[in-house]
Amino acid sequence: MLAEKVHIEEADQLKPNEVVIIYFDRLYDLFENNSQLVLAILRHNQISGNLVNSFTNYLRNLAHKMFLEVFGNLHFDVPVELMVDHCSSTILLLIEWIFLKKTAHDP
């Protein structure tokens, strides 16, 4: 349910950098607006556990698929797959540190 809120319907009509920013913004808002749920999940699940890993991997795969559609027809000095992996992994790394790992280490 939560992951559906980050989907960008109009992604193919936007510039690649806009899609990356919008996706990060939507993920940030998703975690910010559902912080109590995130805290409850972390109270009962390890940060490296199956539930948290499954959810973050699902979000990373959504980003990868969307970025591949947007970046797929563009030319870069590096392979498109590498660019897509980099963007999706970086966004999820930031979200994990801001909301999951920071929360897990706070007293």
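Rank these by accessible area, largest first, 1.4 Å probe: SER89, SER54. It would help to have the intermediate numbers written out before the result.
On the way: SER89 50, SER54 75 Å².
Ranked list, largest accessible area first: SER54, SER89.
For segment 20-91, what % of the accessible area comes from carbon and sulfur atoms, probe 1.4 Å?
Numbers: 2490 of 4530 Å².
So the carbon and sulfur contribution to the accessible surface is 55 percent.
Order the following by accessible area, largest value first: TYR58, TYR23. Probe radius 1.4 Å; ligands, DNA and RNA are ignored. Present the calculation step by step, with values, prior to reporting the outcome.
On the way: TYR58 120, TYR23 0 Å².
Listed by decreasing accessible area, they come as TYR58, TYR23.
Based on the Cβ-Cβ distance from ARG43 to ASP85, what FRET efficiency comes out when R0 is 41 Å, to the nearest 0.05? Walk me through the intermediate numbers first.
Values: r = 32 Å, r/R0 = 0.77.
For ARG43 and ASP85, the calculated efficiency is 0.80.
The values are calculated or read from the model by the stated rules, or taken from the named source; none is laboratory data. Since this is a predicted model, take the numbers as computed values, not measurements. Glycine also receives a Cβ, built like all others from the backbone with ideal geometry; neighbour counts cover every protein chain displayed. Remember, those area values only see protein heavy atoms, side chains included, never the ligands or the DNA or RNA. Shrake-Rupley method; radii C 1.70, N 1.55, O 1.52, S 1.80 Å.
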